[in-house]
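Worksheet for the structure shown next.
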Amino acid sequence: MAFGGGLDDNEEVMSEINMTPLVDVMLVLLIIFIITVPVLTHSVKVDLPRADNTVNNVKPETVNLAVTADGLFYWNETQVTLEELEQRLSVAAKQEPQPEIHIRGDRQVDYEHVIKAMAAVQKSGILKLGFVTEPAQ
């Protein structure tokens, strides 16, 4: 049993590339593209309405709510009581867009006072609340 034996003296080495499979693949690809291009470009013709593309870039007001170490509340550097704070928050909640509330709690303040401020913000319905801290060193 001989497997792929040597070459006879009369046979030559095949040194040419067989182009038939390459041409077959290219023709198949060409046919696929010819069929799919009309499908991709076909769509329903609709007369679309015109619209103004201006973006409303109204930034919400930022309210700094400070809570000092002795439990006092400051609305943008104006001292307020808890009742006044709740009134201001309810007025601010009705604004469009709603302001962002940034709570700045003193490092030495009892959590109780910060929790009161957070509860007042939540009760008013304001959705954006954040805490201001200093970066760690």
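Values quoted throughout were computed directly from the atomic coordinates according to the rules given, and no laboratory measurement underlies them. This is a predicted model, so every value here is computed, not measured. Using ideal geometry, Cβ is built from the backbone for each residue, glycine included, and neighbour counts are taken over all protein chains shown.
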Fill in the blank from the handout: Charge tally for neighbours of Gly71 with beta carbon under 13 Å away, counting Lys, Arg as +1 and Asp, Glu as -1, is -3
Completion exercise
Between Glu12 and Arg107, the two model label points (7 Å from Cα along the beta-carbon direction) sit apart by a distance in nm of 9.2 nm
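Quick test of the membrane-span-like rule: which DSSP H helices of the chain reach at least 15 Å along their long axis (C-alpha atoms) with mean Kyte hydropathy at least 1.0?
On the way: long enough: 20-41 (32 Å, 2.45); 82-93 (16 Å, -0.01); 111-124 (20 Å, 0.01).
Those that pass (Cα extent of 15 Å or more, hydropathy at least 1.0) are 20-41.
What ranking do 114-121, 58-65 get when scored by the average of other Cβ atoms within 10 Å per residue, highest first?
Values: 114-121: 17.9, 58-65: 13.6.
Highest to lowest by the protection proxy: 114-121, 58-65.
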Exercise for the section: Scan [x] 78, 30, 12; [y] 29, 15, 13; [z] 81, 31, 10 for the value of semi-axes √(5λ) of the Cα gyration tensor in Å calculated from this model and give just the label. Expected result: [x]
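For Lys123 and Thr20 in one chain, what is 0.36 nm times their gap in residues minus the Cα-Cα distance, to one decimal in nm?
Details: separation 103, 0.36 × 103 = 37.08 nm, distance 7.82 nm.
Additional length available on full extension: 29.3 nm.
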Practice task
Sequence neighbours fewer than 8 away in the same chain don't count; with that in mind, list the aspartates and glutamates whose C-alpha is under 12 Å from Lys59.
Solution key: Glu96, Glu100
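So what is the relative contact order of the chain, in percent, for Cα pairs below 8 Å that sit 6 or more residues apart? Write down the numbers at each step before the final one.
Values: 123 pairs, mean separation 27.9, N = 137.
It comes to 20 percent, rounded to a whole number.
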Completion exercise
Dividing the surface of the Cα convex hull of segment 62-131 by four yields a projected area in nm² of 4.0 nm²
Completion exercise
Simple spin-label estimate for Val80/Val132, 7 Å along Cα→Cβ, in nm, reads 1.5 nm
Exercise for the section: Would you mind putting 122-131, 29-38 in packing order, based on average other-beta-carbon counts within 10 Å, highest first? Expected result: 122-131, 29-38
Handout entry: Rough spin-label spacing in nm, given labels placed 7 Å along Cα→Cβ, for Ile115 and Leu29
Key = 7.0 nm
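Under a Cβ-only charge scheme (Lys and Arg +1, Asp and Glu -1), can you give me the dipole magnitude of the chain about the Cα centre, in debye to the nearest 20? Can you show the working numbers first?
Details: 10 positive and 20 negative charges, 243 e Å.
Its charge dipole is roughly 1160 debye.
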